[in-house]
Amino acid sequence: MHTSRRPLLALASMALALVSACDTTSTSVPDAPDGGSEAVIELAVRRLNDGQDVAEFEAARDAFVARLRERDGVEVAREFQAFFDFGAQAAPTAPVFVGMTQYATSEAFGAAGEALGSSPEAAAFFATFTPEAFTALRPLDSAQPVDLAAIADQPGQVLEIAVRDLSAYEGFDQAEYETARDGFLTLLRGQPGFVAEYQWVSVLDPNTVVGMTVYASQEAFFGVLGNESFVSAPAPAAFLFG
């Protein structure tokens, strides 16, 4: 991208590093569902309100998720907590939790929202936080299976997410963006502690894309973040600051 544009991370509506807060896998499907091309993943980034008690938030969340898991087509529900906010270059100033739910189809996703959006459990839960990002995702590569249960599924692993609005770029060039992204990911895959990466597109807004990277540990994540030779190399510089 052109040097006159703002850094890519500055255009991200949310970029966070996460650790697993709790996992709840639906009993209605196997522990490792095959997902398939029809499956979608709901992504919800929630910043707790000022003064909100975390235990009260968790109780309200768990009650809502229990209702959600009763719905047909809900396969996996997972929860992560952010320990690093790229926007602040520090820990979040208020607790930030990220919920992800895998649905068998986009229709199941929509039906769950309609059925539970006005429920008492939803009202109690939604009152505890401010939403910072919400979308439903499918893999950038439509042939890639969806298996939320397998993402950052080992103890100590870290999940980095970046939600990006491509419409925020003036004179956006899709081919140029993809070239820069792919060059960055090629170099990232060679870094110590790298485990996996996933690229997603929104089924709700074609301008919204999400990148996810799994690291072996927080130490590995901070090692990559603090590796000046990596972040200042041409490929990362072109993608993050191009």
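Among the conditions (1) within 20 Å of the chain's Cα centre (by Cα); (2) more than 30 Å from P145 (Cα to Cα), A124 misses just one, which is (1). Can you find a residue in segment 112-129 that is under 20 Å from W200 (Cα atoms) and not β-branched (V, I, T)? The answer is no, given that none of the residues of segment 112-129 is under 20 Å from W200 (Cα atoms) and not β-branched (V, I, T).
Among the residues of segment 179-206, the ones that are acidic (D, E), outside any loop (DSSP other than H, G, I, E, B) and within 30 Å of E107 (Cα to Cα) come to 1 in all. Scanning segment 161-178 for residues that are in contact (Cβ under 8 Å) with a residue 60 or more places away in the chain and in a helix (DSSP H, G or I), we see that the one that is surrounded by the most Cβ atoms within 10 Å (Cβ to Cβ) is Y177.
With respect to G73, determine if the residue is crowded, with 17+ Cβ neighbours inside 10 Å and modelled with pLDDT under 75. Criteria not met by G73.
What do you reckon, is V158 within 16 Å of F221 (Cβ to Cβ), out of contact with any Cys (no Cβ under 9 Å at 6 or more places or on another chain) and open to solvent by 60 Å² or more (accessible area, probe 1.4 Å)?
Working: within 16 Å of F221 (Cβ to Cβ): yes; out of contact with any Cys (no Cβ under 9 Å at 6 or more places or on another chain): yes; open to solvent by 60 Å² or more (accessible area, probe 1.4 Å): no.
Judged against the criteria, V158 is not a match.
No other residue among E107, E132 is outside any loop (DSSP other than H, G, I, E, B), open to solvent by 20 Å² or more (accessible area, probe 1.4 Å) and touching a Ser or Thr at 6+ places or on another chain (Cβ under 8 Å) apart from E132. When segment 110-127 is filtered for residues that are touching a residue at least 60 places away in the same chain (Cβ under 8 Å) and open to solvent by less than 10 Å² (accessible area, probe 1.4 Å), only F125 remains.
Of the residues making up segment 207-237, those that are in contact (Cβ under 8 Å) with a residue 60 or more places away in the chain, in a helix (DSSP H, G or I) and open to solvent by less than 40 Å² (accessible area, probe 1.4 Å) are A220, F221.
Does segment 135-155 hold any residues that are open to solvent by less than 40 Å² (accessible area, probe 1.4 Å) and either assigned to a loop (DSSP other than H, G, I, E, B) or not small (G, A, S) (or both), and which are they? Write out each step before concluding.
Applying the first criterion (open to solvent by less than 40 Å² (accessible area, probe 1.4 Å)) to segment 135-155 yields 135-137, 139, 146, 148-149, 151-152.
If the condition is that a residue be open to solvent by less than 40 Å² (accessible area, probe 1.4 Å) and either assigned to a loop (DSSP other than H, G, I, E, B) or not small (G, A, S) (or both), then T135, L137, P139, V146, L148, I151, A152 are the ones that fit.
Scoring G73 on the criteria (1) more than 20 Å from Y215 (Cα to Cα); (2) within 18 Å of the chain's Cα centre (by Cα) leaves a single failure, condition (2).
Regarding segment 179-198, can at least one residue be identified that is open to solvent by 50 Å² or more (accessible area, probe 1.4 Å), under 14 Å from the mean Cα position of the chain (by Cα) and under 25 Å from F222 (Cα atoms)? Even if it seems obvious, please write down each step before you answer.
To start, the set of residues in segment 179-198 that are open to solvent by 50 Å² or more (accessible area, probe 1.4 Å) comprises 179, 182, 186-187, 189-190, 192, 195.
Imposing the further condition that a residue be under 14 Å from the mean Cα position of the chain (by Cα) reduces the set to none.
There is no residue in segment 179-198 that is open to solvent by 50 Å² or more (accessible area, probe 1.4 Å), under 14 Å from the mean Cα position of the chain (by Cα) and under 25 Å from F222 (Cα atoms).
The values are calculated or read from the model by the stated rules, or taken from the named source; none is laboratory data. Since we're looking at a predicted model, the values are computed, not measured. Because the Cβ atoms are built from the backbone with ideal geometry, glycine has one as well, and the counts that use them run over all protein chains shown. To get the accessible areas, we keep the full protein, side chains included, count just its heavy atoms, and leave off ligands, DNA and RNA. Shrake-Rupley method; radii C 1.70, N 1.55, O 1.52, S 1.80 Å.
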